[in-house]
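Have a look at the structure below, then the notes.
The values are calculated or read from the model by the stated rules, or taken from the named source; none is laboratory data. Model, not experiment: these values are computed from the prediction. All Cβ positions, glycine included, derive from the backbone under ideal geometry; neighbour counts span all protein chains shown. Surface areas here come from the heavy atoms of the whole protein model, side chains and all, with no ligands, DNA or RNA. Shrake-Rupley method; radii C 1.70, N 1.55, O 1.52, S 1.80 Å.
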Amino acid sequence: MSFRRAISIACGFAGGSAVLVCAAVAADKQGYFGERCRLRETLAAVYAAQPPAWPTVNGWDYNWDKRDPLSIMNGRKKESAGDIGSPDGENNKPKATRYICLIRHSQYNLKGEGDKEKILTPLGREQAEFTGQRLAALGLKYDVLIHSSMTRATETANIISKYLPGVELVSCDLLREGAPIEPVPPVTHWKPEAVVSAKSYLANLKALSQYHEDGARIEAAFRRYIHRADPKQKEDSYEIIVCHANVIRYFVCRALQFPPEGWLRMGLNNGSITWLTIRPSGRVALRSLGDSGFMPPEKLSRT
């Protein structure tokens with residue numbers, strides 16, 4: 001076999017079968033390729049250029065929201081897949097898709113003392129107007145507009161609401177900003193709010209305490225709002241949640257079954273839109289993350 005043919009086999013290794021390569025190496029050891037062929041050296045170079053293999057994962061957990069009809073029926077774990085065809089099984093199967101629109105609040109006054117003084121800036125109010133216009137332009141029938149009870153989220157939701165007449169406004173304390181879980185890898189540009197003014201010897205203690213308290217609350221918010229549709233829901237729903245960057249990023253990681261500790265690796269602009277789609281089967285898709293392309297570039301911010 002010619003040297004050109006050996007190169008062809010080696011290049012095939014990059015996108016082909018390892019079995020073929022093993023067979024080629026065995027043939028090379030028997031001298032079938034001739035003295036001019038440097039197959040082993042070529043294979044070594046190709047192998048060295050390969051990216052590392054992805055780690056093995058356990059697959060998708062279809063019962064991530066504890067609402068999988070194959071796992072739960074009448075308060076007990078199903079013993080066979082055949083039960084799903086029974087009348088009770090069919091009645092307990094979700095049929096609708098939930099489209100959840102997560103909005104980060106607009107820019108606000110960072111110098112405010114306490115939540116009530118952290119109101120939207122003039123730019124923040126403009127951003128909320130753009131977001132409201134964008135949501136209205138999509139022409140969707142929104143079912144509800146839920147917002148964090150913090151001032152900046154409430155003001156953002158009220159401005160957006162002007163463009164969505166008839167959509168119910170609901171305030172929720174669970175959606176308030178916080179520190180959901182200690183980020184990995186550690187960062188120096190962000191600290192939990194309780195740690196910022198603390199002395200070094202108290203910082204770690206305060207951080208652990210805030211992660212414990214905020215994390216439980218934000219996880220409770222995730223379980224309340226991010227799940228597949230109830231079996232009684234007959235039509236697809238479109239729901240808007242106006243809250244905060246940390247909350248949204250944590251929701252995305254949890255919903256996609258990514259390590260939640262990675263939430264701080266993402267960035268979201270003020271007034272941006274993140275879309276999650278939850279199918280009746282429990283499959284989750286990220287339609288967009290932090291979309292703010294509907295705003296002029298000079299109106300973008302990330303505070």
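Residues in the range 148-179 that are open to solvent by less than 10 Å² (accessible area, probe 1.4 Å) and among the hydroxyl-bearing types (Ser, Thr, Tyr) were compared, and the one that is farthest from the chain's Cα centre (by Cα) is THR156. For the condition open to solvent by less than 50 Å² (accessible area, probe 1.4 Å), hydroxyl-bearing (Ser, Thr, Tyr) and touching a helix residue (DSSP H, G or I) at 6+ places or on another chain (Cβ under 9 Å), SER237 does not qualify. Quick one: in the range 275-295, which of the residues that are free of Cβ contacts under 8 Å to residues at least 24 places away in the same chain and assigned to a loop (DSSP other than H, G, I, E, B) is farthest from LYS191 (Cα to Cα)? Checked the range 275-295; the qualifying residue farthest from LYS191 (Cα to Cα) is GLY293. Touching a His at 6+ places or on another chain (Cβ under 9 Å) and surrounded by 14 or more Cβ atoms within 10 Å (Cβ to Cβ): does that describe ARG125? Here the answer is no, as ARG125 does not meet what is asked. The numbered conditions (1) touching a helix residue (DSSP H, G or I) at 6+ places or on another chain (Cβ under 8 Å); (2) farther than 17 Å from ALA245 by Cα are all true for LYS118 except (2). Residues of the range 173-181 include none that is in contact (Cβ under 8 Å) with a residue 12 or more places away in the chain, charged (D, E, K, R) and closer than 18 Å to ARG98 by Cα. Just to be sure I understand, how many residues within the range 168-184 are over 9 Å from ILE218 (Cβ atoms) and touching a Gly at 6+ places or on another chain (Cβ under 6 Å)? So the count comes out to 0. Taken together, ALA207, ALA203, ALA198 contain a single residue that is modelled with pLDDT under 95 and in contact with a Pro (Cβ under 7 Å, 6 or more places away or on another chain), which is ALA207. Give the residue that is modelled with the lowest pLDDT, with candidates limited to residues of the range 51-70 that are within 16 Å of HIS227 (Cα to Cα) and open to solvent by 80 Å² or more (accessible area, probe 1.4 Å). So, considering only residues that are within 16 Å of HIS227 (Cα to Cα) and open to solvent by 80 Å² or more (accessible area, probe 1.4 Å), the one modelled with the lowest pLDDT is LEU70. Criterion applied to ARG254, ARG283, ARG265, ARG302 was being touching a Gly at 6+ places or on another chain (Cβ under 8 Å) and open to solvent by 50 Å² or more (accessible area, probe 1.4 Å), and the one residue passing it is ARG302. Within the range 107-122, residues that are of a type in the set (A, V, I, L, M, F, W, C) reach partners that are modelled with pLDDT under 95 and surrounded by 10 or more Cβ atoms within 10 Å (Cβ to Cβ) with beta carbons closer than 8 Å, at six or more positions or on different chains, in the pairs LEU110/THR303; ILE119/GLY112.
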